[in-house]
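A short write-up of the structure that comes next.
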Amino acid sequence: MAYPFQITSVEQYKEYYKKSIESPELFWDEIARNFHWKKKWETVLEWNFTEPRVRWFEGAKLNITENCIDRHLETAAQRTAIIWEPNDPSEAVRLITYDDLHKNVCTAARMLKNLGVNKGDRVCIYMGMVPELVFTVLACARIGAIHSVIFGGFSAQSIADRIQDAQATFFITCDGAFRGEKTIPLKSIADEALTLTDSVKKVIVFRRTNSQIEMKAGRDVWWHEAMNEAEQQLSAEGSISFPAEEMDAEDPLFILYTSGSTGKPKGVVHTCGGYMVWTTFTFVNVFQYNPGDIHFCTADIGWITGHSYIVYGPLCAGATVLMFEGIPTWPDAGRLWDIVQKHRVNILYTAPTAIRSLMTFGTSPFQEKDLSSLKVLGSVGEPINEEAWHWFSEHAGNNQCPLADTWWQTETGGIMISNLAGITPSRPAWATLPLPGVQPVLVDENGNEVITPDENGYLKGNLCIKAPWPGILRTTWGDHERCRKNYFATYKNLYFTGDGAWKDAEGNYRITGRVDDVLNVSGHRIGTAEVENAINQHPAIVESAVVGFPHDIKGQGIYAFVVREPQSVSSRPDEDATRNEIVQTVARIIGPIAKPDKIQFVSGLPKTRSGKIMRRILRKIAEGDTSNLGDTTTLLDPSVVDEIKKGRL
């Protein structure tokens, strides 16, 4: 057994789970002792879900980077920490040992301090998937700055919103990023964003694409120049090392923005101690990681999966992580399998969207690929459908690899419900059992626990959690009331996930998708209000309503019902031209990930007499289920429903 807390049998899972529920303080006290702390905690857990207030390992002092890096140096300094596979397969791979990682993170920490970054400062990071992104994240954590990584697909407006909300004073980006055949002009997009906000003092630019960019005198500095200066300073002092700031267990580690049911993104805050323990514990157990295994997570670090299962969880476990700059279908649909073969990957953790996309290319990309190194497959980001589950298992895993179907969220910090690979049973399209410390409950719309199974023997309801786990979010940045309303006010004394679920007689859970006004598109959460706000900025649009519908590749697509200005209808402009303009408007304001797949022009929307849009009706129409729309006679204008049904795309 590689780790003291690694679960190696079903019996041990049951024993761990029972203890974690009956004696959570004792259980997590024992788990947390396996980490490096500068000072031990005074209390393991204090909590209530009313305020809400959750505190893990109160009084403890630590720095998470000492757990990610320093503690491995004595025994594993030359072990590879990161294998970086570039976008272009002809470009050289980079192998970064734990010793290399330590030197780069310490140098970057000194660079940030030289530029004026201090403990508690917010640093927004908008970079491509290069190792320097990992160095930057860990350098922020080392000096106690709070990092906020922004996905490279977001627009200037979306970036500005995040900078403004965090009141970030420092911004780190690249000249550009490679993504398949495209070069993304990150610095140009960042420059536009920075005209919309005034809190940023310094911008650090890493050169990746050699694109022509503008550097603003007095504000912008080149990464390589600032790093060279920092390295020379450390060398002159006798060691490429930089002391790790002592942090409280409950000090913020990072802010990660996620879409909500209002137009404004919310900054989920994770703290140092509990997040570290949770991500490492879940990484080791779900994937059954053993030292020497190569773990390939295809996620972008701009999302929580990249934070938890490329950076913090694996590195705290002393793992070897493969980080990929490109996309699974470029230069051809065999790219992932080439990488698995080339690096003898043992664990492959990817999204159902990627799997469904690869399915459209058939099985020829697998020909002459040696995938025998694979031991574990994983799925993340959204519920995986049975067809994709079986395809992934058969063609990538040769039906020999356990497939961990993981359910969790940005807000949970790490995996909550999943089979443990090869230990607890799997079931296609079911997340299966909760991890130790996780207490799920299904409730009806009134918050009553669902106790009566349906005709198939399943309990069905809204998925909530009864008690805190170490990785739970602590607040939403600058607005604790929003955290309370979003997650803890819907049902008394429960954390509401926003997802629906089924539970079978053996205690397995199947996640059925969002029950609130949030879409899950290609594993990315997008608030309907965000998209509607963007659409409504088009001058010819009066109002809009956005819902999700089943999409063969993305899981959920975006269906927009749009009401145009009367004069724009009467002048009969080209509808396709207007649709294209709407799509471009959304891409400009939010980013390409939020572009509607279908736009239906309607004369009105189904509303109650109080003016509430009945999205339930629109959702059913978008899904093609028009046989049972419920009672529409109480609507302000029931006739619009028939019109919308007839015009369905």
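The values are calculated or read from the model by the stated rules, or taken from the named source; none is laboratory data. None of these values were measured; they are calculated from a predicted model. Using ideal geometry, Cβ is built from the backbone for each residue, glycine included, and neighbour counts are taken over all protein chains shown.
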**Failed item, numbered, when Ala467 is tested on (1) surrounded by fewer than 20 Cβ atoms within 10 Å (Cβ to Cβ); (2) in a strand (DSSP E or B)** = (2)
**Val269 being more than 18 Å from the chain's Cα centre (by Cα) and in a strand (DSSP E or B)** = no
**Message:** Yes or no: segment 401-411 includes at least one residue that is in contact (Cβ under 8 Å) with a residue 40 or more places away in the chain and out of contact with any Ser or Thr (no Cβ under 9 Å at 6 or more places or on another chain).
**Reply:** no
**Asked** With Leu377, Leu371 as the choices, which residue is buried (at least 16 other Cβ atoms within 10 Å of the Cβ), under 30 Å from Tyr16 (Cα atoms) and in contact (Cβ under 8 Å) with a residue 24 or more places away in the chain?
**Response** Leu377
**Complete:** Taking segment 26-57 and keeping residues over 30 Å from Asp479 (Cβ atoms) and not in a loop (DSSP other than H, G, I, E, B) leaves Leu26, Phe27, Asp29, Glu30, Ile31, Lys39
**Filter result (surrounded by fewer than 24 Cβ atoms within 10 Å (Cβ to Cβ), modelled with pLDDT of 95 or more and of a type in the set (S, T, N, Q)) within segment 260-310** = Gln288, Asn290, Thr298
**Message:** Looking at Glu530 and the list (1) assigned to a strand (DSSP E or B); (2) within 20 Å of Phe601 (Cα to Cα); (3) in contact (Cβ under 8 Å) with a residue 60 or more places away in the chain, which single condition is not satisfied?
**Reply:** (1)
**Prompt:** In this structure, is Thr497 under 30 Å from Val438 (Cα atoms) and touching a Cys at 6+ places or on another chain (Cβ under 8 Å)?
**Reply:** yes
